[in-house]
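Colleague: Can you keep this structure in mind? I'll have questions shortly.
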């Protein structure tokens, strides 16, 4: 009997076994775990960004990589693009689900396709990219027109197959910015007439 007591750690009256918890009662380990983590964990969900928050993040990205003399000029460029787009709210809307802080984009209100996006590039000036709407008539001609406009105001030369990009270094010039916005306006009008 003494040997049995030493092996099991404690003695019980003769003929009786250690009492068991009623069925359905959680174990001490499970109960302790529930006490530590009473609510089920849920994966975090990213909130949709507002235009103001996206602009602030983009300007911060510009400040991170841009010398002081060009910084206000580049901010002027992104503000001009935003103002131009907001003034065309029936055709364009801010893209709220973009996950990167160094990207700001507007999309076609009717289709949700990206129309233009701006990217703050590390070690270089930000860039504007004009996106061609898919499945539209005369898209090759429209693309060529936009490409020629960008090439006319940029040091780099785009060729067929390149993405339609231009740096903010070129767009800080008022004339270049006006010409690019005019090309974007024509593209937007053609897109609206083509969808009608």
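Colleague: So residue 155 clears everything in (1) surrounded by 13 or more Cβ atoms within 10 Å (Cβ to Cβ); (2) modelled with pLDDT under 95; (3) closer than 25 Å to residue 61 by Cβ except one condition, right? Which one?
Modeller: Unmet for residue 155, out of (1) surrounded by 13 or more Cβ atoms within 10 Å (Cβ to Cβ); (2) modelled with pLDDT under 95; (3) closer than 25 Å to residue 61 by Cβ: (1).
Colleague: Quick one: residue 36 ticks every box in (1) at pLDDT 95 or above; (2) farther than 14 Å from residue 120 by Cα bar one, so which box is it?
Modeller: With (1) at pLDDT 95 or above; (2) farther than 14 Å from residue 120 by Cα applied to residue 36, the lone miss is (1).
Colleague: So is residue 133 more than 27 Å from residue 75 (Cβ to Cβ) and touching a helix residue (DSSP H, G or I) at 6+ places or on another chain (Cβ under 6 Å) or not?
Modeller: Yes: the conditions hold for residue 133.
Colleague: Also, I was wondering about something else. Quick test of your reading of the structure: residue 96 fulfils all but one of (1) more than 21 Å from residue 188 (Cα to Cα); (2) surrounded by fewer than 18 Cβ atoms within 10 Å (Cβ to Cβ). Name the failing condition by number.
Modeller: (1)
Colleague: For the stretch 165-185, does any single residue satisfy the condition of being modelled with pLDDT under 95 and assigned to a loop (DSSP other than H, G, I, E, B)?
Modeller: No - not one qualifying residue is present in the stretch 165-185.
Colleague: To continue, here is another question. For residues that are surrounded by 14 or more Cβ atoms within 10 Å (Cβ to Cβ) and in a helix (DSSP H, G or I), scanning just the stretch 125-144, find the one that is modelled with the lowest pLDDT.
Modeller: 139
Residue-wise test of (1) crowded, with 20+ Cβ neighbours inside 10 Å; (2) touching a strand residue (DSSP E or B) at 6+ places or on another chain (Cβ under 8 Å); (3) modelled with pLDDT under 95; (4) in a loop (DSSP other than H, G, I, E, B).
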residue: 76; (1), (2), (3), (4): no, no, no, no
residue: 82; (1), (2), (3), (4): no, yes, no, no
residue: 106; (1), (2), (3), (4): yes, yes, no, no
residue: 123; (1), (2), (3), (4): no, no, yes, yes
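Colleague: Any residue in the stretch 65-77 that is farther than 16 Å from residue 181 by Cα sitting within a Cβ distance under 6 Å of a residue that is in a loop (DSSP other than H, G, I, E, B)? List the pairs, counting only those 6 or more apart or interchain.
Modeller: Taking only residues 6 or more apart or on different chains, the pairs are 65/122; 73/172.
The values are calculated or read from the model by the stated rules, or taken from the named source; none is laboratory data. Since we're looking at a predicted model, the values are computed, not measured. In this analysis, Cβ positions are derived from the backbone assuming ideal geometry, glycine residues included, and neighbour counts consider all displayed protein chains.
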